[in-house]
Each structure stands twice: as structure tokens, then as C-alpha cells.
């Protein structure tokens, strides 16, 4: 009963988020409804919005360095990107391989820019495995956007980036169905487990 009440609250909070801001983030979208130009489509997941209430709690809880760059893997309609608006990230990047969801995310960002002022937020339409690291990305968010093969490939490329540009990295993983990818990697340390509104979040740190 308690979990049901919390789920209802979180859902209403998200619909109010869209109503208040004039954005489009709540409505789920199946994978076969989207245009995707990627060999990894079979490893993808349907779009489901992250919870704004949870995101704000998470970003308030962790005191990331002031020059932090956050990357949302499988950023969908941009809910995570919008939720960072009040937090002082140096830059926020969304990576999404669906053209339709990328367009919606860009519209949502434009709405926020008009209402709240510009922030260093952008969304890139690309396969996560083709993302070109800048060497300063240090906070990653993931809401179970794809299967283990893609996660493993991305982690391998991230490790190459860290070797070239040593830095401490945080990885926030919501609904961690593929957590084994992180647990079997000795470089990643599970530092926090949070359950909010019935949803599990694991926070890993990559040590250097």
C-alpha cells in the first residue's frame, strides 16, 4: 500500500512537472515506434521517463565537484537534462539514438531556456558507443537504456578516456538490471544504494 501511494505521488509529480513547464517528458514510447539508425537497436529499451522528484533528491544528496560534466546515457525526452537546470554543472550532455526523442528533448530544452535562462545543456543524437569523449565527463546517469553488450562497450571506451585524462567518475544507475557489468569490474566500487518511490538506484565510483 505504501509503495503504491509513493508510485502514485511520483507519477502525479511528473505530470505536474510537464503541466507546469509545458514540456513533454511523461508519455512512454515503445522502441518499435521510433526511427533508429544503429546496429544496437536490439539492445535498446522502450522510453520511460525518469522521476523528477528522485532526480532532484539525488543531485542534492551528492556534492559533485563544481566543474562536473554530466552525461545521461539514453536521454530520451530529456527529463534528466531538465532536472539538472538548478544545479551548477559545468555542462550536461544527453546521448540518445532515437531521432524522434532527440527532437522532443531539444524542444523541451528550448522551453526551459526561454523560461529559466540558458544553461550549458545539449542533446546528441548518436549511438552511445560512438560518443567522442572530451576527457572531462565525470558524472554518468543511466536508466537501464540498453543491454549488457552496449554497457560493456561503453565502459571499455570510458576506461580508455580515463586512462588518457585521469579523473574520478560517478555512475548513477537506475533500475540496475545489468549491474553485473559494474560489479565484475574491479575499478568500479559500489558506494551507495538508494531506494526512492520503490525504485532502486546504485551509485558507483570509478577509482583512479
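Values quoted throughout were computed directly from the atomic coordinates according to the rules given, and no laboratory measurement underlies them. In this text the structure is predicted, and so the values were computed from the model without any measurement. In this analysis, Cβ positions are derived from the backbone assuming ideal geometry, glycine residues included, and neighbour counts consider all displayed protein chains.
Which one, 63, 53, 21, has the greatest fluctuation when you compute a Gaussian network model over the chain with C-alpha springs under 10 angstrom?
Among 63, 53, 21, the largest mean-square fluctuation in the Gaussian network model of the chain belongs to 63.
What nm value, rounded to one decimal, do you get for the distance between residue 183 and residue 163 when each label is placed 7 Å out toward the C-beta?
In this crude spin-label approximation the distance works out to 2.7 nm.
If we count other beta carbons within 10 Å of each Cβ, what is the order of 197, 142, fewest first? Can you show the working numbers first?
Working: 197 17, 142 23.
Least to most surrounded, the residues fall as 197, 142.
For 48, 137, 160, which order do you get if you count the other beta carbons within 10 Å of each Cβ and list the fewest first? Let's see the in-between values first.
Working: 48 16, 137 20, 160 11.
Ordered from fewest to most neighbouring Cβ atoms within 10 Å, 48, 137, 160 come out as 160, 48, 137.
Would you please state the base-10 log of I(q)/I(0) at q = 0.10, 0.12 1/Å for the chain, with intensities from the Debye formula using one equal scatterer on every alpha carbon?
Relative scattering, expressed as log10 I(q)/I(0), comes to -0.40, -0.59.
Using the number of other C-beta atoms within 10 angstrom as an exposure proxy, rank 179, 174 with the fewest first.
On the way: 179 18, 174 21.
Placing the least packed residue first, the sequence is 179, 174.
When the gyration tensor of the range 142-208 is built from Cα positions, what are the square roots of 5 times its three eigenvalues, in whole Å, from largest to smallest? Could the numbers behind the result be given before it?
Details: eigenvalues 87, 39, 17 Å².
Equivalent ellipsoid of the range 142-208: 21, 14, 9 Å, largest first.
By DSSP, what percent of the beta bridges with both residues in the chain are antiparallel, rounded to the nearest 5?
Numbers: 17 of 37 bridges.
So the antiparallel bridges in the chain amount to around 45 percent.
What's the extension gain from residue 118 to residue 133 if we count 0.36 nm per residue and subtract their Cα-Cα distance? Could you put the intermediate results ahead of the total?
Details: separation 15, 0.36 × 15 = 5.40 nm, distance 2.32 nm.
Net length gain for the segment: 3.1 nm.
To one decimal place, what orientation-averaged projected area in nm² is obtained for the convex hull of the Cα set of the range 44-126? Write down the numbers at each step before the final one.
On the way: hull surface 21.0 nm².
Result: a mean projected hull area of 5.2 nm².
Say each of residue 60 and residue 4 gets a label point 7 Å from the Cα, pointing the same way as Cα to Cβ; how far apart are those two points in nm?
2.8
Relative contact order, percent, of the chain when contacts are C-alpha pairs under 8 Å separated by at least 6 residues? It would help to have the intermediate numbers written out before the result.
Values: 361 pairs, mean separation 38.6, N = 208.
Averaging sequence separation for qualifying contacts and normalising by length gives 19 percent for the chain.
Take the alpha carbon atoms of the range 81-102, find their center, do the same for the range 154-205, and report the distance between the two centers in whole angstrom.
19
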